[in-house]
Amino acid sequence: MTVPVVLITGGAAGIGLAIARRAVNRGAAVWLWDRDERALEAARAGLGASARTQVVDVSDEAALAEAEAALAGRPPTHLVNNAGILGRPMPLDAMEAIEIARVLAVNVSGTLLATSAFLRARLPHPGAAILNMSSIAGTNGGSPGHALYGATKAALLALTQAMARDLAPAVRVNALAPGIIDTDIQKAVFADRQALHATAAGIPLGRVGTPDEVAEAAEWLLFAAPYVTGETIRVGGGRK
């Protein structure tokens, strides 16, 4: 069987890198796309020869076209749409069109454009799968001031349903909806660790999650769930 090659957007750190590690550990190769060149270099050094990297902003069509052309050297079989941004906090009576466009461009348009590039470049594989990284914010609206982020993550839930229907049976498509995970994006939401710990106390499991715990669920959906498509799994410690 063809060795899986997993393309991971936003793959240089956090959840994306944790998924990459799990993919490599099970014998797959990975492509990492990210805007952070320095973090990509560190990720590639840590993952070894199984990893290839490219600096890509998924909201930039020209950059995506260049990155898509590079995939010909190692065509991907699986895709993880992990790239996303939180955006600046904005109350509903002070929304800014430029910021709305910026967050939508990465979180929604970027997912669609990266998926389109993957589908054109991919190598058919009997276990082909796409994983979209949503959030519990997609169903609960997100933190105060971050309605836009919640809306974009809700859009990914709908896209997962549409993609699963349109790409079956050749490609399975599922989503993960992480809760509060100890990544850089949470550092932007919680200004201090005490606020994070106070919130964690209200999570049924009593703590925030780790990137590797999300990656464990991702690994299952990507490689070990052959009859699962169009589904969303929460990884939130019981937090809704």
**Request:** For Gly209, enumerate residues with amide H under 5 Å from its amide H, sequence gap 5+ or separate chain, H modeled in the peptide plane.
**Result:** Ile180, Ile181, Asp182
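Rounded to the nearest 0.05, what FRET efficiency do Thr2 and Glu216 give with R0 = 25 Å and r taken as the Cβ-Cβ distance? Could you check? Before the final figure, lay out each step's value.
Numbers: r = 24 Å, r/R0 = 0.95.
That gives a FRET efficiency of 0.55.
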**Item:** Karplus-derived 3J(HN,Hα), 6.51/-1.76/1.60, for each residue of the range 24-40, Hz, glycine and proline x
**Value:** 5, 5, 9, x, 7, 9, 9, 10, 10, 10, 6, 7, 8, 5, 5, 5, 4
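Quick one: if you take sqrt(5λ) for each eigenvalue of the C-alpha gyration tensor of the range 41-121, what semi-axes come out, biggest first, whole angstrom?
Values: eigenvalues 167, 46, 20 Å².
They are 29, 15, 10 Å, listed largest first.
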**Request:** Scan around Arg234 for amide H atoms under 5 Å from its own, H built in the peptide plane at 1.01 Å from N, and keep only partners 5 or more places away or cross-chain.
**Result:** Ala177
**Request:** Could you work out how far apart the two model spin labels at Arg102 and Glu37 are, taking each label as a point 7 Å from the Cα in the direction of the beta carbon, and quote it in nm?
**Result:** 2.1 nm
**Message:** For the pair Ala70/Arg88, report the inter-label distance in nm, with labels modelled 7 Å from Cα in the Cβ direction.
**Reply:** 3.0 nm
**Fill in**
Distance in Å, no decimals, from the C-alpha centre of the range 191-240 to the one of the range 92-106 is 27 Å
**Message:** Quick check on packing: order 76-88, 39-51 by the mean number of other C-beta atoms within 10 Å, highest mean leading.
**Reply:** 76-88, 39-51
**Item:** ³J(HN,Hα) computed for each position of the range 72-87 - Karplus, 6.51 cos²θ - 1.76 cosθ + 1.60, integer Hz, glycine/proline x
**Value:** 4, x, 7, x, x, 10, 9, 9, 10, 8, 9, 4, x, 10, 7, x
**Request:** Sticking to Cα atoms, compute the Rg of the chain to one decimal and its Dmax as the biggest Cα-Cα distance, whole number, in Å.
**Result:** 17.0, 55
**Item:** Calculated FRET value between Glu61 and Ala201, using beta carbons and R₀ = 41 Å, to 0.05
**Value:** 0.40
**Fill in**
Largest fluctuation, Gln161, Gln194, Gln186 only, Gaussian network model of the chain with Cα springs under 10 angstrom, belongs to Gln194
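Just so you know, all these numbers are worked out from the coordinates, no wet-lab data involved. Owing to the predicted nature of the structure, the values given are computational and were not obtained by experimental measurement. As a convention, Cβ positions derive from the backbone with ideal geometry for all residues, glycine included, and neighbour counts pool all protein chains shown.
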